[in-house]
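Single-structure report; data block below.
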Amino acid sequence: MNAQFIVDGLIAGSMIGLGAIGVTLTYAILRFANFAHGEFIAWGAYLALAVVAAVPFGMVPIGPFSFGWMLPIAAIAAALLTGGLAILIDWLLFASFRRRGSATIIMVIASFGASLALRSLLEFVFTSKPVYFTRELQIAMPLGGGLRATPDQLLMLGVTAILVIAVHLLLTRTAIGRQMRAVSENPVLARLAGVDVRRVIRTVWCLGGALAAGAGVMAGLLVQIRPYMGFDLLLPLFAAAILGGIGSVPGAILGGLLVGLCEALAVQTVGAEWRAAVGFVILTLVLLLRPQGILGKAAT
Amino acid sequence: MSVAEASPALAVEALVAGYEPDLPIVKGIDASIGQGDFVAILGPNGAGKSTFVKAIAGLVPIHAGAVTLAGRPITGLAAHLLVRAGLAFVPQTENIFASLTIDENLKLCAGVMPAGKRSERIAAMYDLFPDLAARPTTPAGALSGGQRQMLATARALLVEPTVIILDEPSAGLSPKLVGEVFETLARVNALGVTIVLVEQNVRAALGVARTAMVLADGRIVHRGPAKGLAEDPRLGEMFLGHHAAAGETA
Amino acid sequence: MIDLVGYGAFFLTIALSYAIIAVGLNVQWGQTGLFNVGVAGFVAVGAYVSAILTTPDAAGRLGGFGLPIVVGWIAAGIAGAILSYGLGWLTIRLRSDYLAITTFGFAVTVQLAALNLEWITGGPFGMGFIPRPFAVSADDPFRFGLLNLGLTAAVLLAAYLVVEHLSASPWGRVLRAIREDETAAVSLGKNASGFRLQAFAVGGALMALGGAVQAHFIGFIAPENYLPLMTFQVWAMLIVGGSGNHRGAIVGAVLVWAIWAASASVIGTVLPAGEQARGASLQIVLIGVALCAILLLRPKGILGEKRVVSRYLGKSAAEPARQREGTLAP
């Protein structure tokens, strides 16, 4: 067996993990599985692409990387815009269901409808043809032990690590982080403690959307950009969030890396055509053996 | 006495409230609670005590009537704004964040204070409750029942409220702890904070409260000094629903 | 004129086969509140099972059993029931959206299997020569179309009568009670999980049956017929018709299929050949927005449901009190 699957798996796992953090955050605060979350990944990638395409400069490769300084700027802009998109959709759709106390599952159906509409809108505007940030070719560098990775791939692993640490610090060390945890545990008591729950919900959408956009830009840089890129990640996202323990941020990133590694291993041993089934297999095993996930607490 | 102090800490006029629009549980309550008072709200099960205080705290929809806090109208204000206005509410159960540490619980509540005052208020709470100061990084979920109630009270008191409303703080506590909790409330009241207490434990509540209000079927059926009410034979009748026997009405 | 009737029969046959699927989904969702996001997976299983059992021998893949169509349909229903029971069993004790996620994963996996298990399914090229009912009349399209429409309508009617009978039976009343207030139903001594699993299996069987009926009418199946879009269409049918009401599900199926077919033909005639794919995406956007709008503005659908249990129950009570699970942990 070739150990290269470890590098491939960690890279795919980083993107899944970043997306899964958003799924787990939305779930912890709003208590429903958002089927539209994958679309934030695709929208993030296309929004960044739109910025890069609109500005005629700044994409001359820097150092060993395949892109110029405009990409990070475009990524930040895309993160903000995708966060805004998530807030907009909440305002248009989910907020009304919350107000009238609809069952969780109505929100899930609505998110399913929103997912289709968002994805098809991308397909309508950009067509289903794959596109790329850059056409630069990259040579994979040997890392020792027979492993190889491109400079872009290593950079993206680093960026993921920074983002995950930043989210962790946000949740544990800041006022808004405490408020998010408080709302997650008990929304009524949080209101009584003076927490503006609507503001917390907006923050969660914005954060989830921005992280998804980050995953989308990474996927666009390392793989390709297509309207289905987010939807195809949806099952791995859910599998990662549930595997890690729903509500747990470290669990989401850990679950993401594990799902990514399993996928890469399956590609090597079973065949690339079965990659998409890995998420389902993991999901089934987790629900069968440990429904609360690795880091989750059992229901009391 | 200044003009601000002259207005009651909490006043309720013709309050009608309930979860469903066509099913009022609180059926027209008028009440005025003076600054610094310690009021026990008593009454049989289903009298609407809990709904009454939850409506004041912004957790149950108000259908009609008005609520004022130290002369300021607060009817229908969202719960998170009521805290800022000076009304703190301690629910009966799940009144602390179990997944947050003691310190995080206090910091969270301090968020409504001006930035410069937060650490000072937290320190004041630790002075008042040395038990909590001993273990600030313990998750609140690991605390005993009495300590939880202490933390819940500290959380409410931290924001320097005009009025603290507590919904059955003695529920589920041992008699010894009930004594401790009520002793703490008496200390808080001695600091000048108005306290409104909903209680099933009539004797313990009348032991600390200054004023008593008895509710039955969503209305006030008696209002008067707490002292001596426990021995008053009319109290039993009020609990059994003989409204006509009520004395001085609010 | 004959052309128009022929097209009408064709359109209605497809719509009614969707109606069978929608009634199946209604048994699951409308009666018990179990959310299945893998409808396309169950439909595909039914179509493939029946096709494999009934097709003549084909080179390079399993088959050649050449069994009668009715055997294929029955087998399809049984396969749908077994698979949905299994998935339900896995998730029924967990939060309601775990079932949604699992069925979604199931549909993705079924589609993948249809694509990759070439020795069973024919792979991306699909399976042809699926025997069509009344094939002897195929020379007379008019007669053929009407006979098939009649058969599909008969299957739908049978399915409808069975589920209506079940809904009116004590079994159906327990199901509705569970949906309105699970805690109360359980406290009355009803095994809620068992009842919901049975309903989920009945629904899965009907979806697979609908898939088989559709496959035999068209005579050809391929993996791309069973994309998540199909799941979404069936949901749209149920929501338009109003969940909880089997007649609503049928009306919704015909209505949504009519809107779908009409908008597709408008796109086909109005847009130039190069822009057709774009038009198709716009069609999905509009249907997605319409679905959300109906959920927001007319949550009970167009026909709505006959309320059987007190209106003071339910609302958000359908969610069992397991709220602490999934508290945010940094």
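Things to note:
- Conditions (1) buried (at least 18 other Cβ atoms within 10 Å of the Cβ); (2) modelled with pLDDT of 85 or more: number failed by C:Gly301: (2)
- Among the residues making up region A:78-112, those that are surrounded by 17 or more Cβ atoms within 10 Å (Cβ to Cβ) and more than 12 Å from chain C (Cβ to nearest Cβ) are A:Ala78, A:Ala79, A:Leu81, A:Thr82, A:Gly83, A:Leu85, A:Ala86, A:Ile87, A:Asp90.
- Every residue from region C:117-134 that is more than 14 Å from chain A (Cβ to nearest Cβ), closer than 30 Å to C:Gly88 by Cβ and not in a helix (DSSP H, G or I): C:Gly122, C:Gly126, C:Met127, C:Ile130
- The residue of region C:88-101 that is surrounded by the fewest Cβ atoms within 10 Å (Cβ to Cβ), among those that are touching a residue at least 24 places away in the same chain (Cβ under 8 Å) and either more than 9 Å from chain A (Cβ to nearest Cβ) or in a helix (DSSP H, G or I) (or both), is C:Trp89.
- For region C:26-62, taking the residues that are out of contact with any Leu (no Cβ under 8 Å at 6 or more places or on another chain) and free of Cβ contacts under 8 Å to residues at least 24 places away in the same chain, the one that is surrounded by the most Cβ atoms within 10 Å (Cβ to Cβ) is identified as C:Asp57.
- Checklist (1) modelled with pLDDT of 90 or more; (2) touching a Lys or Arg at 6+ places or on another chain (Cβ under 8 Å) applied to A:Gly101, failing item: (1)
- Residues located in region C:238-253, provided they are away from chain A (no Cβ under 13 Å), crowded, with 18+ Cβ neighbours inside 10 Å and in a helix (DSSP H, G or I): C:Gly241, C:His246, C:Gly248, C:Ala249, C:Ile250, C:Val251, C:Gly252, C:Ala253
- Within region C:135-174, the only residue that satisfies the criterion of being modelled with pLDDT of 85 or more and outside any helix (DSSP H, G or I) is C:Ser169.
- Scanning region B:132-183 for residues that are assigned to a helix (DSSP H, G or I), in contact (Cβ under 8 Å) with a residue 40 or more places away in the chain and among the β-branched types (Val, Ile, Thr) turns up just one, B:Thr153.
- Among the numbered conditions (1) part of a helix (DSSP H, G or I); (2) surrounded by fewer than 24 Cβ atoms within 10 Å (Cβ to Cβ), the only one that C:Ala114 does not meet is (2).
- Residue check, B:Leu197 in contact with a strand residue (DSSP E or B) (Cβ under 8 Å, 6 or more places away or on another chain), farther than 22 Å from B:Leu59 by Cα and touching a residue at least 40 places away in the same chain (Cβ under 8 Å): no
- Tallying residues that are within 20 Å of A:Ala117 (Cα to Cα) and without any contact (Cβ under 8 Å) to a residue 40 or more places away in the chain within region A:70-94 yields 4.
- For region A:120-141, the criterion of a residue being at the interface with another protein chain (Cβ under 10 Å from one of its Cβ atoms), modelled with pLDDT of 85 or more and touching a Cys at 6+ places or on another chain (Cβ under 8 Å) is satisfied by no position.
- Sub-9 Å Cβ pairs linking a first residue in region A:276-295 that is within 10 Å of another protein chain (Cβ to nearest Cβ) and within 9 Å of A:Leu243 (Cβ to Cβ) to a second residue that is among the aromatic types (Phe, Trp, Tyr) and surrounded by fewer than 16 Cβ atoms within 10 Å (Cβ to Cβ), at least 6 apart or interchain, number zero.
- Residue count for region A:234-243 under the criterion of being at the interface with another protein chain (Cβ under 10 Å from one of its Cβ atoms) and within 16 Å of A:Val164 (Cβ to Cβ): the result is 2.
- C:Ile259 in a helix (DSSP H, G or I) and modelled with pLDDT under 85: no
- Taking region A:20-55 as the range and being within 14 Å of chain C (Cβ to nearest Cβ), within 13 Å of the chain's Cα centre (by Cα) and part of a helix (DSSP H, G or I) as the test, the residues that pass are A:Ala20, A:Ile21, A:Gly22, A:Val23, A:Thr24, A:Leu25, A:Thr26, A:His37, A:Gly38, A:Glu39, A:Ala42, A:Trp43.
- Complete set of residues in region A:157-174 that are within 14 Å of chain C (Cβ to nearest Cβ), of a type outside the set (Lys, Arg), in a helix (DSSP H, G or I) and surrounded by fewer than 16 Cβ atoms within 10 Å (Cβ to Cβ): A:Ile165, A:Ala166, A:Leu169, A:Thr172
- Test: residue in region A:9-25 that is surrounded by fewer than 24 Cβ atoms within 10 Å (Cβ to Cβ), in contact with a helix residue (DSSP H, G or I) (Cβ under 7 Å, 6 or more places away or on another chain), within 30 Å of A:Leu295 (Cα to Cα) and touching a residue at least 12 places away in the same chain (Cβ under 8 Å): yes
The values are calculated or read from the model by the stated rules, or taken from the named source; none is laboratory data. From a predicted model like this one, the values you see are computed outputs, not experimental measurements. Note: ideal-geometry Cβ built from the backbone for every residue, glycine included; neighbour counts use all protein chains shown.
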